[in-house]
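The values are calculated or read from the model by the stated rules, or taken from the named source; none is laboratory data. Computed from a predicted structure; not experimentally measured. Cβ: placed from backbone, ideal geometry, glycine included. Neighbour counts: every protein chain shown.
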Protein chains: 2
Amino acid sequence: MRVTDPAELLAAAQSGDRGAVARLISYVERGGDDAAAVSRLTWSAARRANLIGMTGAPGAGKSTLTNMLIQHVRAKGERIAVLAVDPSSPFTNGAILGDRVRMQDHATDDGVFIRSMATRGQVGGLALATPEAARVLAAAGYPTVLIETVGVGQVEVEIAGAADTTVVVVNPGWGDAVQANKAGLLEVADVFVINKADRPGVAEVRRDLEAMLDMHVAPGPWRPPIVEAVAARGEGAQDVWAAINAHRAHIVETGELVRRQAKRAEIEVREIVVRTIEAKAVAMLNSEQGAALTANVLDGSIDPHEAAAAILNEMET
Amino acid sequence: MRVTDPAELLAAAQSGDRGAVARLISYVERGGDDAAAVSRLTWSAARRANLIGMTGAPGAGKSTLTNMLIQHVRAKGERIAVLAVDPSSPFTNGAILGDRVRMQDHATDDGVFIRSMATRGQVGGLALATPEAARVLAAAGYPTVLIETVGVGQVEVEIAGAADTTVVVVNPGWGDAVQANKAGLLEVADVFVINKADRPGVAEVRRDLEAMLDMHVAPGPWRPPIVEAVAARGEGAQDVWAAINAHRAHIVETGELVRRQAKRAEIEVREIVVRTIEAKAVAMLNSEQGAALTANVLDGSIDPHEAAAAILNEMET
């Protein structure tokens, strides 16, 4: 019989059943009561999972860098999991996506778990499902979870930015191509990696980043270091990992880690409240009463704010 | 004295005051009571604004194509506005962004209004502010509003997909680079434009798109046409505009336009409900009671779902 009970699945996951891990993550992706049950179970076990965010423009080489870091971490005997929230990631293996599924490099290694998060469903749902999935992984024996998101898109940048340490990946030439959400990325960066550093223009991108840091980052105890790598050739893993660990040591020492965990808990509580109400609003809009409201909005007799007020009023009674 | 009353600002906007238009859009970006007031005023005037969505991977040439369409439309004497939701768009002129602000091509033309939407603030807030800003523009005398979003990111694709007609911009070579959220883009496309069609690989991308359409689009009255353009040289404007108008004629005839407007109204009502509750949840989390809840979550005595339930309970009483 197929196990569906979250508690039994978690026990199976903790004894090494990878299928159980995958099923628990599917529960948190779908939301609802099962997701809440999984979240309750994993909270006590793993609320302090070590989260590393990795973000940057499409094509910056985030997945190649992730792949390199996995090899580096595994060589030291540590376990690591990856959540790919990026639809353009080669780790994402949808029907149309995923031409080069490099995750197969690690398919036979029990010390690595790689999973892409589905982006369908409610807008913003990923902001809730991603930290919940990270806790499933931590509870299942992967204390370090790397979350890869594309550095474009409101939700995606917020998810990477909510990690303990956020790595922003840039390339030589980023100064020319207005392809990255530079201001948004600057705001969340704890470590910069100049990937593809064998190409011309490394000095320019470094100067560009330093100038942006001078302009926008308040002088404080942590200035994001700028590390070079050529991930496709496996160069720079040690430096990137050292920078991540240095940042972690810094935030542990200063108490910033606890502040980030508190901030994350707040965001998560807020998201649960919002998703709960959203589900109620959708149900009400799909009801007969909702259809009447929408018809009134469409014919102009009320405006969307009046319709929303009617729904909010209905919810309170 | 500086006019701040939404009704007075709208009157000024309607008599050609571009600063008033900009200020009204700032109101809807910020949200809150002023946004609601602006939305009420513009709903009756412009609830049926013609919305064209334009999306695609970063670097696909969306802004160049937009620029070309503006020139085409202006040559026919029609008025048009553009909302750029894409942080990588050259139309976006933040402090760090916007190296090549091509909007200046149109700076002296009263028949064109170009504006970038701020991406700061609440996650998902843009899903509400963008249609409200489009109505400001329609009420101010720009009946056609082109909404440009980057085709990566949950919120961004939903915004473009909620238009009457959604144009998805691709390039030769898109089959190789796993950079685009292909499945998500396929789902929202009404018209495909192969931009940069002077490069090799046009036949391949066309074959790729046709195969995806065969596989994923139910046979129906509208199959998205695939139009070629070289926007940087001004080639293809007529074909792209004709395809957009053909789609519009089709949805008017079949009643699909009304269904899309109804769907959009529903999304908007849902978003107002969600943002209202989100603001309340944030206020509660920032209160003394909220701080106590967060502390309990952090020390593991309750989990985020229990904290959210406490907040939801508090809201209902």
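Assorted remarks:
- Matching option when the condition is within 26 Å of A:R259 (Cα to Cα), modelled with pLDDT under 85, within 10 Å of chain B (Cβ to nearest Cβ) and touching a strand residue (DSSP E or B) at 6+ places or on another chain (Cβ under 8 Å), among A:G151, A:G161, A:G184: A:G151
- Within region B:276-317, considering residues that are surrounded by 21 or more Cβ atoms within 10 Å (Cβ to Cβ) and charged (D, E, K, R), the one farthest from A:A36 (Cα to Cα): B:E278
- Test result for B:I244, closer than 23 Å to B:G59 by Cβ and either of a type in the set (V, I, T) or exposed (fewer than 14 other Cβ atoms within 10 Å of the Cβ) (or both): yes
- Scope region B:56-88; condition within 14 Å of chain A (Cβ to nearest Cβ) and acidic (D, E); matching residues: B:D86
- Scanning region A:183-217 for residues that are more than 18 Å from A:A163 (Cβ to Cβ) and either touching a Phe, Trp or Tyr at 6+ places or on another chain (Cβ under 8 Å) or not assigned by TED's automatic domain parsing to the domain that holds A:T55 (or both), we see that the one that is surrounded by the fewest Cβ atoms within 10 Å (Cβ to Cβ) is A:D208.
- Matching residues in region B:22-42 - criterion: being over 25 Å from A:I302 (Cβ atoms) and touching a residue at least 40 places away in the same chain (Cβ under 8 Å): B:A22
- Of B:G290, B:G220, B:G300, all but one fail to be more than 26 Å from B:T130 (Cβ to Cβ), in contact with a Phe, Trp or Tyr (Cβ under 8 Å, 6 or more places away or on another chain) and either not assigned by TED's automatic domain parsing to the domain that holds B:A163 or not in a helix (DSSP H, G or I) (or both); the exception is B:G300.
- For region B:27-55, the candidate set comprises residues that are hydroxyl-bearing (S, T, Y) and within 11 Å of B:E132 (Cβ to Cβ); within that set, the residue that is farthest from the other protein chains (Cβ to nearest Cβ) is B:Y27.
- Among the residues making up region A:269-286, those that are facing chain B (nearest Cβ under 7 Å) and either free of Cβ contacts under 8 Å to residues at least 40 places away in the same chain or in contact with a Ser or Thr (Cβ under 7 Å, 6 or more places away or on another chain) (or both) are A:V269, A:R270, A:V273, A:T276, A:I277, A:A281, A:V282, A:L285.
- Each residue in region A:287-300 was checked for being touching a helix residue (DSSP H, G or I) at 6+ places or on another chain (Cβ under 9 Å), more than 8 Å from chain B (Cβ to nearest Cβ) and polar (S, T, N, Q), and 2 of them qualify.
- If you go through region A:220-276 and keep only what is under 26 Å from B:L298 (Cβ atoms) and polar (S, T, N, Q), you end up with A:N245, A:T254, A:Q261, A:T276.
- Here is the figure for region B:247-268: residues that are surrounded by 14 or more Cβ atoms within 10 Å (Cβ to Cβ), more than 13 Å from every other protein chain (Cβ to nearest Cβ) and not hydrophobic (A, V, I, L, M, F, W, C) total 4.
- Any pair with Cβ under 7 angstrom, 6 or more apart, that starts in region A:53-65 at a residue that is on the phi > 0 side of the Ramachandran plot and ends at one that is β-branched (V, I, T): A:G56/A:V168; A:G56/A:V169; A:G56/A:V170; A:G61/A:V169
- Number of residues in region B:241-267 that are of a type in the set (S, T, Y) and at positive phi equals 0.
- Test: residue in region B:208-216 that is more than 9 Å from every other protein chain (Cβ to nearest Cβ), part of a strand (DSSP E or B) and either out of contact with any Gly (no Cβ under 6 Å at 6 or more places or on another chain) or not charged (D, E, K, R) (or both): no
- Residue within region A:118-131 that is crowded, with 23+ Cβ neighbours inside 10 Å, modelled with pLDDT of 90 or more and within 12 Å of chain B (Cβ to nearest Cβ) present: yes
- None of A:V3, A:V28, A:V21 is hydrophobic (A, V, I, L, M, F, W, C) and in contact with a Phe, Trp or Tyr (Cβ under 7 Å, 6 or more places away or on another chain) except A:V21.
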